[in-house]
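Written out below as structure tokens is the structure these notes cover.
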Amino acid sequence: MWECASGKAACTHPKTPLWPPLGGESGFETAITMVIQSLDLGVIIPTSLVTAVLLLQKRLLGYTLASVVPLKILAMGAALSP
């Protein structure tokens, strides 16, 4: 139940948090980590650069990627908006 250390004024209840939550919420509900978006950027930016180089060289793969990469960027932009 209650845990009190001898000589200390503070007693803690097992269900009582050690510190109050920030903003009235526990913090995990409002935590925004964009892990997937950052991993996507690790793929999209290099792919965009490769596409640009292939387009300058007028290669078929450059034209193919040039039709796919903008759609992926638009899809990522839609996922980032709240």
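Apply the Karplus curve 6.51 cos²θ - 1.76 cosθ + 1.60, θ = phi - 60°, to the phi angles in the range 46-52 and return the couplings in whole Hz, x for Gly and Pro.
For the range 46-52, the Karplus-derived couplings read x, 5, 5, 5, 5, 4, 4 Hz, x marking Gly and Pro.
At 0.36 nm per residue, minus the direct Cα-Cα distance, what do GLN57 and LEU74 gain on full extension? Give it in nm, one decimal, please.
Value of the extension gain: 3.6 nm.
Only the coordinates and a few stated rules stand behind these numbers; no lab work does. Predicted model only: the values in this text are computed from it and were never measured.
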